Amino acid sequence: MTLRVNRTEPCGPRYTFCRCRPFERHKLSWSGPKSLYTPETNASESTYELVDPGSDPDIRPLVSTLSTTTTSKQLGSQRFSKFSSWKSLTRAIIHLIHIARLFNKTLKNSPCKGWHHCKTGYTVEESDQVSHIIIQAVQEEVYSQEIKCIQKHEQIPKSSPLKNMDPLIDAHCLLRVGGRLHNANLDQREKTPVIIPGKHQVATLLIKHHHEQIYHQGRLFTEGAIRKAGFWIVGGKRKVSNIIHQCITCRRLRAPLTIQKMASLQRIVFRQNLPLRMSGLMCSALGVFLHVEQEGAIHTANDGP
Ligand SMILES: [Zn+2]
Ligand SMILES: [Zn+2]
């Protein structure tokens, strides 16, 4: 079966293009259909009332608007367990602070824009803010009940580990040890150190950091360095001991010395002689045995006489 096409028949309105005229001469190819540039008629503007809209399933009966509010801050301390060192954690948080300040437009005249790896360096204000933000996030999760009690000027529960510390809240909303050192001639952060929960990952990172800062010294020195930096880790003694026990560098440095196995004694040592018959000096490392006989002659033997 073959299809025959009459090429002499002119193109009608049903055909967009045909072979009787070249492509450039078609009006449709340059201007398009008339419906695109003719104004719409006013007939479509007429409105009609709905007939029983309550029973119509296609009409939504109620427009509901939902809003989400969060009661806690977005920075969760469970994310800190992803970091293996205090330096990497602070570096990540300071980067976030830098980006957040850019989006809030608090950094004016700054070349930084949007999400980026900053090459200009961070400001001193951002560096000081890091540890406060990290510890504040941890304390709000672990000691939320104690913080509420202090804010309401109520007694701390007896079951709390902070009961004997007389804790207080400073200007940065950090929980600190109250203690009895207010009249001491010490730095303020040593008198009222920041409380760190001992079982949290941040405590592990802090202990490791200060342990490396003092070149892997013992427990007392590590505790002193942490206290000097202004931190008080709850249950810190046992925690520091555990971390030092697991420290690979400390294990290598404190490993017992190896004891070399001694070689067998020379045969001449076991030869029976009269008392003071001879005396000698044995150098087993060289494998040479020197002995001086009573007559004064000196003999050397590699394998005994
Ligand atoms: Zn930057
Ligand atoms: Zn160590």
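The values are calculated or read from the model by the stated rules, or taken from the named source; none is laboratory data. Remember, it's a predicted structure, so these values are computed and weren't measured experimentally. Don't worry about glycine lacking a Cβ; one is built from the backbone with ideal geometry, like all the others, and counts go over all protein chains shown.
Does any residue of the range 122-130 turn out to be within 30 Å of P161 (Cβ to Cβ), more than 9 Å from ligand 1 (Cβ to nearest atom) and not aliphatic (A, V, I, L, M)?
Yes, that holds for at least one residue.
Please determine whether any residue of the range 130-142 is in contact with a strand residue (DSSP E or B) (Cβ under 8 Å, 6 or more places away or on another chain) and of a type in the set (S, T, Y). Full working, then the answer.
We begin by selecting, within the range 130-142, every residue in contact with a strand residue (DSSP E or B) (Cβ under 8 Å, 6 or more places away or on another chain); these are 135, 138-139.
Of the ones still in play, those that are also of a type in the set (S, T, Y) are none.
Within the range 130-142, not a single residue is in contact with a strand residue (DSSP E or B) (Cβ under 8 Å, 6 or more places away or on another chain) and of a type in the set (S, T, Y).
Among the residues of the range 190-228, count how many are within 15 Å of F80 (Cβ to Cβ) and either hydrophobic (A, V, I, L, M, F, W, C) or within 16 Å of ligand 1 (Cβ to nearest atom) (or both). Even if it seems obvious, please write down each step before you answer.
The initial filter retains those residues of the range 190-228 that are within 15 Å of F80 (Cβ to Cβ), namely 196-209.
Filter again for either hydrophobic (A, V, I, L, M, F, W, C) or within 16 Å of ligand 1 (Cβ to nearest atom) (or both), leaving 196, 202-203, 205-207.
Matching residues across the range 190-228 total 6.
I need the full set of residues from the range 117-164 which are outside any helix (DSSP H, G or I), surrounded by 11 or more Cβ atoms within 10 Å (Cβ to Cβ) and of a type in the set (G, A, S), in order please. Walk me through it before giving the result.
So the first thing to find is which residues in the range 117-164 are outside any helix (DSSP H, G or I), and the list is 117-123, 143, 152-162.
If we keep only those that are surrounded by 11 or more Cβ atoms within 10 Å (Cβ to Cβ) as well, we get 118, 122-123, 143, 156-157, 160-162.
Across the range 117-164, the qualifying residue is only S160.
With Y48, Y15 as the choices, which residue is among the hydroxyl-bearing types (S, T, Y) and modelled with pLDDT of 75 or more?
Within the list Y48, Y15, the selection yields Y48.
Return the pair list, or none, for Cβ contacts closer than 6 Å from residues in the range 197-212 that are at positive phi to residues that are surrounded by fewer than 21 Cβ atoms within 10 Å (Cβ to Cβ), at least 6 apart or on different chains.
Matching pairs, first to second residue: none at all.
For the range 187-241, give me each residue that is closer than 20 Å to D128 by Cα and among the polar types (S, T, N, Q).
Hits for the range 187-241 are Q188, T192, Q213.
Restricted to the range 165-201, and to residues that are surrounded by 13 or more Cβ atoms within 10 Å (Cβ to Cβ) and polar (S, T, N, Q), which residue is nearest to V240 (Cα to Cα)?
Q201
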